[in-house]
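Data block below; observations after.
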Amino acid sequence: MLVLGIESSCDETAAAVVADGRIVRSNVVATQNALHLPYRGVVPEIAARAHLTSMIPVIDSALRSASVALEDVDGIAVTNTPGLIGALLIGITAAKTLSWALEKPLVAVNHLHAHIYSCALSREAPIFPCVSLVVSGGHTSIYFSRDELTHELMGATQDDAAGEAFDKVAAILNLGYPGGPAIDKAAKQGHAEAVRFPRTRLGPRSLDFSFSGIKTAVLYHCCGKKGREECLLSPEETADVAAGFQEAVVDVLVEKTMAAVRLRRAHRLAVGGGVARNSRLREKLTVASRQAGVELILPEPVYCIDNGAMVAGLGYHALKQGRTAGPELDAVPRQLDSRSPYKRKGAG
Ligand code: KG4
Ligand code: ZN
């Protein structure tokens, strides 16, 4: 079964053709990084307008590189939540139009669940049930994932997402946008123990996150509490701050994720989202999982950032279960997850 996946929730226009939920026939991503670079963050209006111009060429290119004609597609999957409303609407409108014109079924996909599903792409062995960590520019969440479409929220960020913190700290350090890859690279030249930043735990048993404090700590460290305009650190000091910041964020991510694994006595851990590309996070999760006797499943780096393959892959399972959507399908900007009881019992 061939599914065309369409993704436009933030600043990547993406489309892919995936066979049977697993075999990626094509995966085309048009990134908008250059457009948002001057603003050091995503500008929603610019993102929506860029999706509008890129959407059809990206879909065309995904079909061509898969050598698939539109008529041969068995279904169309599209991200409808969460994300920027204007950006989501472009993908949803394209998907609805194709579904209507071709008389092919339409399925709606949750972007965060698709990030988890990216671990299943090009993989034979099952990934569910598992504890899953989604670390992206907009979200930081831990789930217990029973199957492709059933995810219980165990913990989430109460303010900034991990990727957002990477982007904002990179802006303070003048490392450019997107900040995650730049900090990852700079940190390799620095010493993580040179500057120690706070690890925010929100109580001994909480599985929630908070990354706004560390961002302020970096700002004070670099610009002083009076808030000088410019960060005046040398390249060596910048590398040390990048390494110290990354270490603190990674420590908290790994600690809480492994606590969730222990709580659910999980045998597998799946990680998805742009920050899952981070080399230090991958390293520390690998060590922690080995120590805990848990199978760590990391997506290929190309499937960590926003892409259409994860949408098509998850869409296949929704389609198989008959969870189709109609022309009334709308964008839902906020994540509407219900919490599992595990967090409440242990909340500190
Ligand atoms: O999943 P994604 O492509 O978009 C959202 O759904 O938000 O994630 C983008 C985020 C950005 O904040 C970016 O800085 C971060 O992923 N990122 C990284 C790395 N590569 C991308 N963060 C840390 N280290 C990286 N190597
Ligand atoms: Zn994403």
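The values are calculated or read from the model by the stated rules, or taken from the named source; none is laboratory data. Since the model is a prediction, treat every value here as computed from it, not as a measurement. Neighbour counts run over all protein chains shown; Cβ positions are idealised from the backbone, glycine included. We work out accessible area using only protein heavy atoms, side chains counted, and drop any ligands, DNA or RNA first. Shrake-Rupley method; radii C 1.70, N 1.55, O 1.52, S 1.80 Å.
Miscellaneous remarks
- Residue within region 53-74 that is β-branched (Val, Ile, Thr) and open to solvent by 40 Å² or more (accessible area, probe 1.4 Å) present: yes
- Taking region 94-125 as the range and being buried (at least 18 other Cβ atoms within 10 Å of the Cβ), away from ligand 2 (no atom under 16 Å from the Cβ) and among the β-branched types (Val, Ile, Thr) as the test, only VAL107 passes.
- In this structure, ALA16 does satisfy being closer than 21 Å to GLN321 by Cβ and within 16 Å of ligand 2 (Cβ to nearest atom).
- Flag if VAL195 is more than 16 Å from ligand 2 (Cβ to nearest atom) and either surrounded by fewer than 17 Cβ atoms within 10 Å (Cβ to Cβ) or within 24 Å of the chain's Cα centre (by Cα) (or both): no
- The set of residues in region 281-298 being within 26 Å of SER9 (Cβ to Cβ) and within 16 Å of ligand 1 (Cβ to nearest atom) consists of LEU281, ARG282, LEU285, LEU298.
- Yes/no for GLY293 being more than 13 Å from HIS113 (Cα to Cα) and under 15 Å from the mean Cα position of the chain (by Cα): no
- Sole residue being out of contact with any strand residue (DSSP E or B) (no Cβ under 7 Å at 6 or more places or on another chain), within 16 Å of ligand 1 (Cβ to nearest atom) and either in the same structural domain as TYR316 (by TED's automatic domain parsing) or part of a helix (DSSP H, G or I) (or both), chosen from ALA47, ALA30: ALA47
- When GLY83 is tested against (1) open to solvent by less than 30 Å² (accessible area, probe 1.4 Å); (2) away from ligand 2 (no atom under 13 Å from the Cβ), just one condition goes unmet, and that condition is (2).
- Filter pass, SER132 being part of a strand (DSSP E or B), within 13 Å of ligand 1 (Cβ to nearest atom) and out of contact with any Pro (no Cβ under 8 Å at 6 or more places or on another chain): no
- Restricting attention to region 231-276, the residues being of a type in the set (Asp, Glu) and either more than 15 Å from ligand 1 (Cβ to nearest atom) or crowded, with 24+ Cβ neighbours inside 10 Å (or both) number 4.
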